[in-house]
Amino acid sequence: MALPLTPFNHVITDYEFLGDIKNGAHDCNIWHIGAVKPDGSTFEVYITVDTNRATHAGCVEVTDAYLQGKQAVSFVEGFKRFVQWVGPQAIIISHNCFKSDKPVLEHECKRHNVRMPCWYFYDSLLFLRTAVQSLSYRLPDLYGQVTGKVFRPTHTALKDALGLKEILDIVPIHGLYMYPKYLTPIQNVKWVGTACEEAFVKTGVRSVEDLILKYMQWVQLDGCEITLMKQFLSQLNLPCHDLTPIAKEIVDHWLPVTHGGLASNCLF
């Protein structure tokens, strides 16, 4: 569930993966993990993947030879090393964590039958949107604006994690919420921003799963699902003049078909 950020064992992390997150976390395979702690200690590991996969523009060319040259290991072995370095309890911080890194890492652990420690996750992208006025919140653009230096995009995990650390050393993170493994952050719902998330949490709704369960317990009538969802949301005192966009987003993308929704996501 959503909890206030704590100062304990922050680990700034980046993952590089093949595949397209727009197709869902299941389409992605992590080939590089890089991380840095506040004391400057670093970690990285390369992971063996099927290299016959598409990747995003600007990424290094990931081939079997490239990974062999980096002493790539299996995901099981690479993640084991990462866990040993991070520790059993930590707050994993990354840029666009909630909509990209967190679900991809969770899916990789499920795919390889690996148990993830009791880590919490925090999204630096959401934080920096509240802390820095910028035309772009891409990591290279924020880096240049905040540090005054030129960021040379590498699309390798450790260098990107180090760049994010430089930003957060100047603009220390505070506020917003961290989330545990396998629960969906509330801001993953389109149209829900920081103020709405705060309102949800104040009424006891601490994840998307929590929201859907409370709705399913509340609704006892047949009718238009969007209208029913708006009636439910109206009890939560959200700072919105029109609840229709949020209600439609939840019904279309998060509410199970058993309760009139169209969700393809499997939350439970």
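The values are calculated or read from the model by the stated rules, or taken from the named source; none is laboratory data. Note that the coordinates shown come from a computational prediction; the quantities given were computed from them, not determined experimentally. When we count neighbours, we look across all protein chains shown, and the Cβ atoms used for this are built from the backbone with ideal geometry, even at glycine. All accessible areas refer to the heavy atoms of the entire protein, side chains included, with ligands and DNA or RNA removed. Shrake-Rupley method; radii C 1.70, N 1.55, O 1.52, S 1.80 Å.
Miscellaneous remarks
- Other residues within the sphere of radius under 11 Å centred on the Cβ of F200, judged by their own Cβ, net out at 0 (K and R +1, D and E -1).
- If only the Cβ of Lys and Arg carry +1 and only the Cβ of Asp and Glu carry -1, the dipole of the chain around its Cα centre is close to 320 debye.
- Computed over the alpha-carbon atoms, the range 176-268 gives an Rg to Rh ratio of 0.92, Rh here being the Kirkwood radius from the mean inverse distance.
- Dmax and Rg, reported as Rg then Dmax, of the range 112-268 (C-alpha, Å): 18.6, 58
- Extension gain (nm, one decimal) between V171 and I21, 0.36 nm per residue minus Cα-Cα: 51.2 nm
- Paramagnetic reach from T42 (point 7 Å along Cα→Cβ, amide N under 16 Å) across the range 57-99: 70
- Rounded to whole Å, sorted largest first: equivalent-ellipsoid semi-axes of the chain, Cα gyration tensor: 34, 22, 17
- The 1.4 Å probe gives accessible areas that order Y120, Y177, largest first, as Y120, Y177.
- Across the chain, Cα pairs under 8 Å and at least six residues apart give a relative contact order of 19 percent.
- Charge tally around G19: other residues with Cβ under 9 Å, Lys/Arg +1 each, Asp/Glu -1 each, net -1.
- Neighbourhood charge, 15 Å Cβ-Cβ cut-off, centred on Y215 and excluding it, Lys, Arg +1 and Asp, Glu -1: -2
- The range 182-246 and the range 121-179 have Cα centres spaced 29 Å apart.
- The range 58-204 - Kirkwood radius from inverse mean 1/r over Cα pairs (Å): 17.1
- Hull volume per residue, based on the alpha-carbon atoms of the range 105-165 and their convex hull, is 114 Å³.
- Dipole orientation for the range 143-189: of the candidates G148, P172, L158, L158 has the Cα lying most toward the positive pole (charges on Cβ; Lys, Arg +1; Asp, Glu -1).
- Projected-area mean, the range 37-127, by convex hull of Cα positions, square nanometres: 7.0
- Per residue solvent-accessible surface (Å²) - the chain, probe of 1.4 Å: 49
- Full-stretch length increase - V76, H259 - with 0.36 nm per residue and alpha-carbon distance subtracted: 62.1 nm
- Ligands, DNA and RNA left out, the 1.4 Å accessible surface of the chain is 54% carbon and sulfur atoms.
- By the helix-only formula, in which each DSSP H run with n ≥ 4 contributes -39500 (n - 2.57) and the sum is divided by residues, the chain has a 222 nm mean residue ellipticity of -11000 deg cm²/dmol.
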